[in-house]
Amino acid sequence: MRKLVSSGSPFEPKIGFSRAVRIGPIVAVSGTAPIAPDGKVASPGDVYGQTKRCLEIISQAIRDAGLGLESVVRTRVMLTDISRWEDAARAHGEVFSGIRPASTFVEVKGLINRDWLVEIEADCVAEG
């Protein structure tokens, strides 16, 4: 059974993707940008704040797929300026310090919106 999860992002129908997809015990969460509830960029210029927003969206998508954060086995954090990785790491650690998924932080040339400083993906596996 394939379950598609939407976050309501205007990019989902335009690009043709789901925020998350669950097949059996596996949930894959798409690259998640710091989009505020009003559709604007959350926390402009603030890597920590943008990372927190990405993780809020991811957390909701995982819940909507029927799992919890403890199911996260891997995250990928893409930053437009790797020198600011510690700000992203602080937000990531606040969420995942007790879960400790495999994680990668990489620098990318750019993201869809140049005001996005970070984008995050997550992979989950349900236990049992």
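Some observations on this one:
- With the simple model of a label 7 Å out from the Cα in the direction of the Cβ, R74 to I112 spans 2.2 nm.
- Expressed as a whole percent, the accessible surface of the chain that belongs to carbon and sulfur atoms is 53, based on a 1.4 Å probe.
- Result for the chain in a Gaussian network model with C-alpha springs under 10 Å: among S97, S18, S71, the largest mean-square fluctuation is at S97.
- Rolling a 1.4 Å probe across the protein heavy atoms gives segment 2-41 an accessible surface of 56 Å² per residue.
- Scalar couplings 3J(HN,Hα) for segment 70-87, obtained by applying the Karplus form with A = 6.51, B = -1.76, C = 1.60 to θ = phi - 60°, are 5, 7, 5, 10, 7, 10, 10, 10, 9, 10, 7, 9, 5, 5, 9, 4, 5, 5 Hz; x denotes Gly and Pro.
- Mean residue ellipticity, 222 nm, helices only, the chain: the sum of -39500 (n - 2.57) across DSSP H runs of n ≥ 4, divided by residue count and rounded to 500, is -8500 deg cm²/dmol.
- Per-residue HN-Hα couplings for segment 110-116 [Karplus 6.51, -1.76, 1.60; θ = phi - 60°; Hz; x = Gly/Pro]: x, 10, 3, 10, 5, 7, 7
- Between the amide H of V73 and those of D123, C124, V125, distances stay under 5 Å, these residues lying 5 or more places away or on another chain, with hydrogens modeled in the peptide plane.
The values are calculated or read from the model by the stated rules, or taken from the named source; none is laboratory data. Being a predicted model, the structure only gives us computed values, none of them experimental. Glycine gets a Cβ as well: all are built from the backbone with ideal geometry, and neighbour counts include every protein chain shown. Heads up: the accessible areas ignore ligands, DNA and RNA and are worked out on the full protein's heavy atoms, side chains in. Shrake-Rupley method; radii C 1.70, N 1.55, O 1.52, S 1.80 Å.
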